[in-house]
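Reviewing the structure listed below.
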Amino acid sequence: MKIVIKNGIVITMDEKRAIYEKIDVVIKNDKIVSLTKNYKGVYDKVIDAEDKVVMPGLINAHTHLGM
């Protein structure tokens, strides 16, 4: 299955923490395969992320201050 998240503000987790605006994220079989502008290929599902942030999930992002 190929999913395209269109027109998002993409925050990467590379060393530079790059931020891209109006980028399409192409996902195939649960893996990101490309970041591109105006993806024109075939896809099964499209998600409109205009004016929204696309970023990795926050895993264990909570804290216990009392500990």
So the check is Cβ under 7 Å with 6+ separation or different chains; which pairs have a first residue in the stretch 56-67 that's modelled with pLDDT of 75 or more and a second one that's open to solvent by 100 Å² or more (accessible area, probe 1.4 Å)? Pro56/Met13
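Checking the structure you have, find out if any residue of the stretch 26-36 is touching a Ser or Thr at 6+ places or on another chain (Cβ under 6 Å) and either closer than 12 Å to Lys2 by Cβ or among the hydrophobic types (A, V, I, L, M, F, W, C) (or both).
First, pick out the residues of the stretch 26-36 that are touching a Ser or Thr at 6+ places or on another chain (Cβ under 6 Å): 26.
Subsequent filtering for residues that are either closer than 12 Å to Lys2 by Cβ or among the hydrophobic types (A, V, I, L, M, F, W, C) (or both) retains 26.
For the stretch 26-36, residues touching a Ser or Thr at 6+ places or on another chain (Cβ under 6 Å) and either closer than 12 Å to Lys2 by Cβ or among the hydrophobic types (A, V, I, L, M, F, W, C) (or both): present.
Mind telling me which of the residues Glu50, Glu21 ends up being open to solvent by 100 Å² or more (accessible area, probe 1.4 Å), touching a strand residue (DSSP E or B) at 6+ places or on another chain (Cβ under 7 Å) and free of Cβ contacts under 8 Å to residues at least 60 places away in the same chain? Working first, answer last.
Working: Glu50 fails: open to solvent by 100 Å² or more (accessible area, probe 1.4 Å).
On inspection, the qualifying residue turns out to be Glu21.
The values are calculated or read from the model by the stated rules, or taken from the named source; none is laboratory data. In this text the structure is predicted, and so the values were computed from the model without any measurement. A quick note on method: Cβ atoms are made from the backbone with ideal geometry, for glycine too, and the neighbour counts reach across all protein chains shown. Accessible surface areas use protein heavy atoms only, side chains included; no ligands, DNA or RNA. Shrake-Rupley method; radii C 1.70, N 1.55, O 1.52, S 1.80 Å.
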